[in-house]
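This report concerns only the one structure given below.
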Amino acid sequence: MNDQLTHMASQVTAGKLTRREFMGKAAALGVSAAMASTIFADAARAAGPKKGGDLKLGLQGGESTNSLDPATYASSVPYMNGRHFGDTLVEVAADGTIEPRLAESVEGSSDGKVWTFKLRQGVEFHNGKTMTSEDVLKTMQRHSNEDSKSGALGIMKGIASMKADGEYFQVTLNESNADLPYLMADYHLIIQPDGGMDNPAAGIGTGPYKLEVDEPGVRHLFSKFENHWSDYGHFDSVENVVINDSTARTAALQSGQVHMANRIEPKVADLLGRAPTLTVQSTPGRGHYVFIMHCDTAPFDSNELRLALKYAINREELVEKVLRGYGSIGNDMPINAAYPLFDETIPQREFSIDKAAEHYKKSGHDGSPIILRVADAAFPGAVDAAALFQQTAQQAGIPLEIKREPNDGYWSEVWNVQPFCASYWGGRPVQDQMYATAYLSTADWNDTRFKVKEFDDLLFAARAELDPAKRKAIYSQMGMMVRDQGGLICPMFNDFVDAVSNQLDGWETDPNGELMNGQVSRKMWFA
Amino acid sequence: MHPIIKLVSQRIALGLLLLFGASALIFGLTEALPGDAAQAVLGQSATPEALANLREEMGLNRLALTRYAEWLTGILHGDLGTSLTNGLDIAESVGSRLGNTLFLAFWAALVSVPLAIFLGLLAVRYRNRWPDKLISAVTLTTISIPEFLIGYVLVYFVAVKLGMFSPLAMINDSMSFWQKLNAIALPVIVLTMVVLAHMMRMTRAAILNVMQSAYVETAELKGLSNFKVIWRHAFPNAIAPIVNVVMLNLAYLVVGVVVVEVVFVYPGMGQYLVDHVTKRDVPVVLACGVIFAAIYIGLNMVADIVAILANPRLRHPK
């Protein structure tokens, strides 16, 4: 049987056998459908990507207010637009290493303060101009200068100076940072001609697809850019179709109007996965659904009370009921196994009514209601999650009260303003960036008001430490500090749940973001 | 001056005044919402610096009254301005959205209005017999079910199971006329179901009311057929209330279909407006609000004028 299968597989690789024919013959040999499907996929992959076809993506997260200016990207559709038309200097690969893009190589000085990017030569923008180090410099300036409104402004802060020199682009930092290349992989930092200084929203980049139609909130159509520098980008055209309504997105996928969709609701994912034409891809990521307390505001300034609340949440139940199993439990720190240098030995905090009651008693709280503000804008199912939390907290005698807030304006009026609320973090490629964004004393987004000098020192020490083993030990210590002293209640990490048509091939698991970290239009193809 | 011309010009002047009032109200309410465009755009990633820079760029640091006055001057010169959030020309983007909305409303009206009136007449003809009861039962059922539910049910059975129409009603300029019609088939069916009952019931009630009159009895005694009595004698005298309810429903088809737009992913004005309210994009909200108000006021004015023209006593006031 094996010989025959091998022969058939080689025919697939040679393009002589279609999927239907292969499956039919495999069935005749008594091979199970799942097995045959795997063999076929492997064989087809061995044949290498096929060119052509028009890819359509049904995406949640687009509004008619969206701009093509990379500095403004904050939701899925603009993010995917950027992935199609633009390139960053480097990219974080699925295995967490740095993959070169517009930079051929990156080199850091021994103290980790000066970083030099050797730029790829002969790269063409969609407007016909050739990319130079000046374009790179201006792009980075636009995201970091004084009047920047870029979403990447926060991560550009540590830069002391930048310079363009022939085929090199050099960044000098105030403090050493071993993770700088990861920061440069941020999706906002798309290299634009003249840095996008003159027309940031023109949608011109060096990516595999160039902009054809831009209708914010409706669709964005891109066609293949013939002079693109890399081997990526196998489709003739790629279209982002904005379908914010979850049911409509699923229907469009089922009826073949789109080839893939993001944000499949956990409650329909199982049903959808049974369809023979689709595969539901659940990818563990770094995003986490959280409840955050301000460590400097009463009553949350008492660590005993914070611990009481941390013990009072039933993580398993939340993962099962809110995420329907499409996720994993959290450990009251923003880091999980998807991060490099994660310490697996940190003990998991267990749900315990007794311990919660004990810590609550120690805190000496006067028994007045503890108000938790929630809205589903924080994360899907936040209101349900809060209700479950309330029940278990009440069993421990903690008077948790839920206050529902409107979705509209949640991120400006409630999050980072109110002392106790639901929130969401998308995660960062490396631990340093996650901690620096939200747990450093001076961070703008320190939404738990976690201000511990010792922690800050550890963070800087880890940055300057180039030995991975030592860094891992420092990060482990920092994780424990957040877990035991911080204001973060992290019950769960959510998976990215995408659905992809079986007509496509080339899917790989990538924890960096939804839809293969946005690389689907580059790395996938029609089988 | 002819009294009718006088009446129409009075109405138009009043309408413009109303529009001005509406724009002031919309501006005031949007300003009163918590947060501003800069905060809404940056969302969770807002830092104080980025916020300040964006506010400066959007011109949000100036007085609200100054911004409103500028907007008003602009619109009097036919300039709707540019969107705060994506910098696109408002007239252009609203134009295509409005075109789509009117396209959908036109086809929904073309199907639903004649159908509603015909069903109304039929119900009167077979008053209190089974056709009347059946028509009422079916139309009242469809109006009572929320439109998104009808939409989802149609999408599931017609589009996904039968594969007859597209579940997405996304139309764009590169589509042919027939492709567009095919795309909007499902939303047109849903909208028809939603507005049918209201117009049908009003037609039925208005004509039944007239049917009690002496002249209808005369017509019957003349030996005219039942349907002819209704069509020739009763219907013209019942036209005013019918036009009124038809206009209200037309206005609804233009300004009130955001739910249907979302279900079918239709690129109309409703979703466009909601997106911009969420982002506090005041110039766009104002532009959409004024257009909606103009349509509403305009259609109501037409209803009033038709009602007057249809009534000889109002047409020739003593």
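Side notes on the structure shown:
- Leading residue by the ranking (farthest from the other protein chains (Cβ to nearest Cβ)) among those in region B:42-65 that are at negative phi and among the small types (Gly, Ala, Ser): B:Ala64
- Selection within region A:438-455 - in a loop (DSSP other than H, G, I, E, B), within 12 Å of chain B (Cβ to nearest Cβ) and of a type in the set (A, V, I, L, M): A:Ala443
- Failed item in (1) touching a residue at least 12 places away in the same chain (Cβ under 8 Å); (2) out of contact with any helix residue (DSSP H, G or I) (no Cβ under 6 Å at 6 or more places or on another chain); (3) within 14 Å of chain A (Cβ to nearest Cβ), with B:Ser213 passing the rest: (3)
- Some residue of region B:132-150 being in a loop (DSSP other than H, G, I, E, B) and of a type outside the set (Phe, Trp, Tyr): yes
- Criterion (buried (at least 23 other Cβ atoms within 10 Å of the Cβ), away from chain A (no Cβ under 14 Å) and out of contact with any Leu (no Cβ under 8 Å at 6 or more places or on another chain)) met by exactly one of B:Val246, B:Val263: B:Val246
- Qualifying residues in region B:12-50 (those that are polar (S, T, N, Q) and part of a helix (DSSP H, G or I)) - the one farthest from the chain's Cα centre (by Cα): B:Ser45
- Where strands (runs of 3 or more DSSP E) sit wholly within region A:135-223, those with at least 2 residues that are more than 22 Å from A:Ala93 (Cα to Cα) and touching a His at 6+ places or on another chain (Cβ under 8 Å) occupy A:209-215.
- Matching residues, region A:373-394, being assigned to a helix (DSSP H, G or I) and either hydrophobic (A, V, I, L, M, F, W, C) or within 13 Å of A:Val414 (Cβ to Cβ) (or both): A:Ala382, A:Val383, A:Ala385, A:Ala386, A:Ala387, A:Leu388, A:Phe389, A:Ala393
- Filter result (within 14 Å of another protein chain (Cβ to nearest Cβ), at pLDDT below 95 and over 17 Å from A:Met140 (Cβ atoms)) within region A:171-212: A:Asn199, A:Ala201, A:Ala202, A:Gly203
- Some residue of region A:104-121 being touching a helix residue (DSSP H, G or I) at 6+ places or on another chain (Cβ under 9 Å), part of a loop (DSSP other than H, G, I, E, B), surrounded by fewer than 17 Cβ atoms within 10 Å (Cβ to Cβ) and among the polar types (S, T, N, Q): no
- For the residues A:Asp408, A:Asp467, A:Asp510, A:Asp447, the requirement of being out of contact with any Pro (no Cβ under 7 Å at 6 or more places or on another chain), charged (D, E, K, R), within 25 Å of A:Gly86 (Cβ to Cβ) and modelled with pLDDT under 95 singles out A:Asp510.
- Criterion applied to B:Val290, B:Val302, B:Val274, B:Val306 was being assigned to a helix (DSSP H, G or I) and either closer than 16 Å to B:Ala40 by Cβ or free of Cβ contacts under 8 Å to residues at least 40 places away in the same chain (or both), and the one residue passing it is B:Val274.
- Residue that is farthest from the chain's Cα centre (by Cα), among those in region A:237-275 that are of a type in the set (Ser, Thr, Tyr) and facing chain B (nearest Cβ under 10 Å): A:Ser255
- Residue pairs whose Cβ atoms lie under 8 Å apart, sitting 6 or more positions apart in sequence or on different chains, and linking a residue in region B:157-184 that is under 18 Å from A:Glu215 (Cα atoms) and more than 13 Å from chain A (Cβ to nearest Cβ) to a partner that is surrounded by 13 or more Cβ atoms within 10 Å (Cβ to Cβ) and among the hydrophobic types (A, V, I, L, M, F, W, C), are B:Lys180/B:Phe103; B:Lys180/B:Ile171.
- Exactly one residue out of A:Tyr410, A:Tyr339, A:Tyr424 is crowded, with 17+ Cβ neighbours inside 10 Å, outside the structural domain of A:Leu183 (by TED's automatic domain parsing) and over 24 Å from B:Gln39 (Cβ atoms): that is A:Tyr339.
The values are calculated or read from the model by the stated rules, or taken from the named source; none is laboratory data. As the structure is a computational prediction, the values presented were derived from the model and not from experiment. FYI the Cβ positions are ideal-geometry reconstructions off the backbone, even for glycines, and counts take in every protein chain you see.
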